[in-house]
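K.L.:
Mind looking over this structure? Questions follow.
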4 protein chains.
Amino acid sequence: MNRAHERETQSSVQDVALIVGGGPGISSSCARLFAQNGMRVGIAARNPEKAVLQNLEKTHGVRRYACDASEPPAVELLFANVVRDLGAPTLLVHNIDGRVEGIFRKGITEADPGMALDTVRNSAFSAFLVGQQAARLMRENKPDSNGTKGTIIFTNASAALKGFPLSGAFAMACHAKSGLAQSMARELMPQGIHVVNVPIDAAIGWTQEDGTRAHRLAGVSVDDNMADPDRIAEVYLQLHRQHRSTWAFEIVLRPWVERW
Amino acid sequence: MNRAHERETQSSVQDVALIVGGGPGISSSCARLFAQNGMRVGIAARNPEKAVLQNLEKTHGVRRYACDASEPPAVELLFANVVRDLGAPTLLVHNIDGRVEGIFRKGITEADPGMALDTVRNSAFSAFLVGQQAARLMRENKPDSNGTKGTIIFTNASAALKGFPLSGAFAMACHAKSGLAQSMARELMPQGIHVVNVPIDAAIGWTQEDGTRAHRLAGVSVDDNMADPDRIAEVYLQLHRQHRSTWAFEIVLRPWVERW
Amino acid sequence: MNRAHERETQSSVQDVALIVGGGPGISSSCARLFAQNGMRVGIAARNPEKAVLQNLEKTHGVRRYACDASEPPAVELLFANVVRDLGAPTLLVHNIDGRVEGIFRKGITEADPGMALDTVRNSAFSAFLVGQQAARLMRENKPDSNGTKGTIIFTNASAALKGFPLSGAFAMACHAKSGLAQSMARELMPQGIHVVNVPIDAAIGWTQEDGTRAHRLAGVSVDDNMADPDRIAEVYLQLHRQHRSTWAFEIVLRPWVERW
Amino acid sequence: MNRAHERETQSSVQDVALIVGGGPGISSSCARLFAQNGMRVGIAARNPEKAVLQNLEKTHGVRRYACDASEPPAVELLFANVVRDLGAPTLLVHNIDGRVEGIFRKGITEADPGMALDTVRNSAFSAFLVGQQAARLMRENKPDSNGTKGTIIFTNASAALKGFPLSGAFAMACHAKSGLAQSMARELMPQGIHVVNVPIDAAIGWTQEDGTRAHRLAGVSVDDNMADPDRIAEVYLQLHRQHRSTWAFEIVLRPWVERW
């Protein structure tokens, strides 16, 4: 983009970004990119003492918050603290997968009901809670130069697009999050709040400091066959800067070699 | 259909139908039609003492069960009792809307989080619980003459197709139920269990004994502008009788004059 | 269904069925089933002298018509002849795949443009032409006992649900047919005409006189892993008999073992 | 974006953009933005002598081509000329609506069959023709720094998402274009060619030189209730610069106040 254009699409308002869910992938990439672009950035996680988050604080001034985002009072407190420390959010990223370890690859007859419900609570219900708090604050924001009072982005998964076998609980959770996002978009967009659902139809592989790429599981070969969280963060920033005359509600991201 | 054909599509196995959720609409229509077609029929409801259910027992021999279908032990007990009384189900209908009264028409900023979670528990999570129990039993069934070991039908709503404004919790619940249904279908259909999702994109208006039609709310004018639960029950029976070479996973039903 | 019910859902009007596209699969199954249910049946094909169609005439009194359904004047003439011979149609089945032989498995860089356009003309455009003629006639029909002035069923394929690689022309054709069906449904259903799109997500294997099953290609093993056209025809008849308070617009049919 | 990042996402290859379909909206916005970003730009239209296109040549050095994009030989010639003048395209935008004047708001019973077919030929079939030529050339390109050999963007309409009443021909055309785009994406993305479908669920209102906004029809009030083609062009540029590890296939753009 030429410079004139860039000025135009950048916000005149101080941007405050809150990222809920914190790990070495999309959350870290977002925190870095948003901070580099002049935003005040907070990140909330069950365990904010993880080395990766401590490092984000040191290198990019990211504020860390402890929060179980599936608990209503904890979410209320989180937003109160963020407003106090950074100001009212203009950009919220909900980036929680929510699956509990024991639910992976479990057929409908084997899956533990408690774990299934926890998966929904961790994922879709926490999205409801943080989306609610963000919406309450954002509707009071002054529109930025793109007419946007705030942007709410829900990271989602391919299970939002298709219910896979051996994945009933996650299909429930991801579909629920999509339904919530759609309802919020139809309700909040006419109020100047941009709501987006981003199903990532890919494994995530991030770039390490030495330039090589890594995956959650050791030993998995990663090149550009996996979605790069730095590229996902770029898309999130572009979405936040879209003018309200031309908003996207949903973008599915997948690598060039993905089967779909 | 000619008689030869009808014989062919009817099951040679004793059909046992369990309907979870009980009211004067789809549940009652299903109970009557299934009983008329020679099935043993049970119906589970939080309050099985409702007059409409007592009447079904008298007129059609329908067995009534008390069950809060969002509670895992209650659902386990329900299925144990049904097996004991009627035999293993060959047809399950999950017919619970799940919305708690206070969640109707609430915007995302007003909706009570506890009510939102209850809506999901009542609807999608109870579908998970009864679907799980049914799948465990049905996979042990002998295939009927259509190759079907059992049929699981989830009644759903237009909120499964589209997240409407002022309806975030219900959008979560209905989308979750669709995701679950899809996952179960992909997993269980190759095992001979037919899973179906039926979003009813309509208000429901039932036919009363005097032939006039009624709706949940008094004073609403009902003619063929609303989905007739007797017709919905027919579709459910047709779905149960589909041969496994030619199964439908999803059918959206709406009246001729519905806008969509 | 009990007899009382069956009476209720059968039409009091003389049903006239027209099937456009004629072969040994869905078209023949529909012709037989519709005739067995008391309808007057016509079938249109480029070559109505095929043995399979001649046989339908002998065994079931099906009237044969020569018609290239991608040519407007030919389609006008077809309907004029059908009205003259059988009366105005109350049930139309458009059952043309439309692929020309040379387009199969051709990548976008290899596919012949003329063949691609012919595929669209044979399939979606012929659906437009016969749908138009049927709509003009049906809107003048008297509603039957289900409130239906006529039913228009478009057989479609999995390429209507998903654009597969090496299949660009067919993806265009099948998606076009779905778009047309949707537009017609929204326009005509409030006028009492039931429009349905039926993507068959399956290979078709029909039952031969000796009870074994056959497929278009010799040597393909067929059991209940392929959609049975006799079962598809049943669904079509059920759709035609749905009451207008409870219409389905789309049903995807696939065998139990199909991957989707 | 910070400068380091911007360098990273810019291509090291000389970009050549071809825009098929030329008017004062999306095509002009794309031509200007692409030229400002250092691309060689060509634009093809039935009438390249329009003032708006002549002006693009003067202000931004855009090359103009006469082409009826629904004619195979014309499309072949267009690409030969573009390669000769500008080099092999790395970015193709197909931006043709295709509706002939007489087809607007025509019900299925009134619509002229010839006009319906022309609409499909102008829109989906021309997309097939230019997509085919572009794919043949792009697969020979060297990947740019994002791993992309070329990007093919199809502008589409809300009729691709939903078949509206009184719009059967356009529903066919737009659905066909979506089906084609999907098939091409699944086929070409693993070959390094990025294919995108962009349904614009909005009226288009462009910004005039005096800063006010205008619409195709005089007298229509335009503010940010309509999609701004300058913003659409930004999205197209962002799509072209996505890294192949993280590609989007489809983005629906709509104004904040749009009902959907």
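The values are calculated or read from the model by the stated rules, or taken from the named source; none is laboratory data. Values in this document were obtained by computation on a predicted structure and should not be read as measured data. Cβ coordinates were reconstructed from backbone atoms using ideal geometry, including for glycine residues, and neighbour counts include every protein chain displayed. Heavy atoms of the whole protein, side chains included, go into the accessibility calculation; ligands, DNA and RNA do not. Shrake-Rupley method; radii C 1.70, N 1.55, O 1.52, S 1.80 Å.
K.L.:
If the Cβ limit is 6 Å and pairs must be 6+ apart or interchain, which residue in region C:245-260 that is more than 7 Å from every other protein chain (Cβ to nearest Cβ) and open to solvent by 10 Å² or more (accessible area, probe 1.4 Å) pairs with which residue that is modelled with pLDDT under 95 and not in a strand (DSSP E or B)?
P.N.:
What qualifies is C:GLU258/C:ALA202.
K.L.:
Specify the residue that is farthest from the other protein chains (Cβ to nearest Cβ); the eligible residues are those in region B:139-170 that are more than 18 Å from B:ALA111 (Cα to Cα) and of a type in the set (A, V, I, L, M).
P.N.:
Here is the first cut: in region B:139-170, the residues more than 18 Å from B:ALA111 (Cα to Cα) are B:139-158, B:160-162.
So of that shortlist, the ones also of a type in the set (A, V, I, L, M) come out as B:152-153, B:157, B:160-161.
Numbers: B:ILE152: 10, B:ILE153: 14, B:ALA157: 11, B:ALA160: 8, B:LEU161: 10 Å.
Looking at residues that are more than 18 Å from B:ALA111 (Cα to Cα) and of a type in the set (A, V, I, L, M), I get B:ILE153.
K.L.:
What's the number of the only condition in (1) facing another protein chain (nearest Cβ under 10 Å); (2) surrounded by fewer than 22 Cβ atoms within 10 Å (Cβ to Cβ) that C:ALA173 fails to meet?
P.N.:
Among (1) facing another protein chain (nearest Cβ under 10 Å); (2) surrounded by fewer than 22 Cβ atoms within 10 Å (Cβ to Cβ), C:ALA173 violates only (2).
K.L.:
Only one of (1) open to solvent by 20 Å² or more (accessible area, probe 1.4 Å); (2) modelled with pLDDT under 95; (3) touching a Lys or Arg at 6+ places or on another chain (Cβ under 6 Å) is not met by B:HIS60, so which one is it?
P.N.:
B:HIS60 satisfies all of (1) open to solvent by 20 Å² or more (accessible area, probe 1.4 Å); (2) modelled with pLDDT under 95; (3) touching a Lys or Arg at 6+ places or on another chain (Cβ under 6 Å) except (2).
K.L.:
Identify, by number, the condition in (1) buried (at least 21 other Cβ atoms within 10 Å of the Cβ); (2) away from chain A (no Cβ under 14 Å); (3) out of contact with any strand residue (DSSP E or B) (no Cβ under 7 Å at 6 or more places or on another chain); (4) acidic (Asp, Glu) that B:ASP228 doesn't meet.
P.N.:
Here B:ASP228 clears every test but (3).
K.L.:
Step by step: first the residues of region B:31-51, then only those that are of a type outside the set (Lys, Arg) and open to solvent by 20 Å² or more (accessible area, probe 1.4 Å), then the one that is farthest from B:THR90 (Cα to Cα). Which residue is that?
P.N.:
As a first pass, look at region B:31-51 and keep what is of a type outside the set (Lys, Arg): B:31, B:33-39, B:41-45, B:47-49, B:51.
Filter once more, keeping what is open to solvent by 20 Å² or more (accessible area, probe 1.4 Å): B:35-38, B:47, B:49, B:51.
On the way: B:ALA35: 13, B:GLN36: 16, B:ASN37: 14, B:GLY38: 13, B:ASN47: 24, B:GLU49: 25, B:ALA51: 27 Å.
The residue in question is B:ALA51.
K.L.:
OK, next. Determine which member of the set D:ILE108, D:ILE96 is assigned to a loop (DSSP other than H, G, I, E, B), in contact with a helix residue (DSSP H, G or I) (Cβ under 7 Å, 6 or more places away or on another chain), surrounded by 24 or more Cβ atoms within 10 Å (Cβ to Cβ) and within 11 Å of another protein chain (Cβ to nearest Cβ). Before the answer, list the steps.
P.N.:
Details: D:ILE96 fails: within 11 Å of another protein chain (Cβ to nearest Cβ).
Among D:ILE108, D:ILE96, only D:ILE108 is assigned to a loop (DSSP other than H, G, I, E, B), in contact with a helix residue (DSSP H, G or I) (Cβ under 7 Å, 6 or more places away or on another chain), surrounded by 24 or more Cβ atoms within 10 Å (Cβ to Cβ) and within 11 Å of another protein chain (Cβ to nearest Cβ).
K.L.:
Here's another thing I want to ask about it. Does region D:208-218 contain at least one residue that is facing another protein chain (nearest Cβ under 8 Å) and either more than 27 Å from C:ALA173 (Cα to Cα) or within 14 Å of the chain's Cα centre (by Cα) (or both)? Let's see the steps before the verdict.
P.N.:
Here is the first cut: in region D:208-218, the residues facing another protein chain (nearest Cβ under 8 Å) are none.
Within region D:208-218, none of the residues are facing another protein chain (nearest Cβ under 8 Å) and either more than 27 Å from C:ALA173 (Cα to Cα) or within 14 Å of the chain's Cα centre (by Cα) (or both).
K.L.:
Within region A:111-130, how many residues turn out to be facing chain B (nearest Cβ under 8 Å) and without any contact (Cβ under 8 Å) to a residue 60 or more places away in the chain? Full working, then the answer.
P.N.:
First pass over region A:111-130, keeping only residues facing chain B (nearest Cβ under 8 Å): A:111, A:113-114, A:116-117, A:120-121, A:124-125, A:128-129.
Now narrow it down to the ones that are without any contact (Cβ under 8 Å) to a residue 60 or more places away in the chain: A:111, A:113-114, A:116-117, A:120-121, A:124-125, A:128.
Residues flagged as facing chain B (nearest Cβ under 8 Å) and without any contact (Cβ under 8 Å) to a residue 60 or more places away in the chain within region A:111-130 amount to 10.
K.L.:
Does C:ARG121 meet the test of being outside any loop (DSSP other than H, G, I, E, B), in contact with a Pro (Cβ under 8 Å, 6 or more places away or on another chain), of a type in the set (D, E, K, R) and within 16 Å of C:GLY21 (Cα to Cα)?
P.N.:
no
K.L.:
If you don't mind, another one. Give just the number: which of (1) within 19 Å of the chain's Cα centre (by Cα); (2) farther than 30 Å from A:ARG216 by Cα does A:ALA80 not satisfy?
P.N.:
(1)
K.L.:
On to the next question. Tell me the residue from A:VAL196, A:VAL235 that is under 13 Å from the mean Cα position of the chain (by Cα), more than 9 Å from every other protein chain (Cβ to nearest Cβ), open to solvent by less than 20 Å² (accessible area, probe 1.4 Å) and without any contact (Cβ under 8 Å) to a residue 60 or more places away in the chain, please.
P.N.:
A:VAL196
K.L.:
For region C:118-155, give me the residue count where each residue is open to solvent by 30 Å² or more (accessible area, probe 1.4 Å) and within 30 Å of D:ALA134 (Cβ to Cβ).
P.N.:
Residues that pass the stated criteria total 2.
K.L.:
In addition: Condition (residue is crowded, with 24+ Cβ neighbours inside 10 Å and within 30 Å of C:ASP224 (Cβ to Cβ)) applied to region C:182-189: is it met by at least one residue?
P.N.:
no
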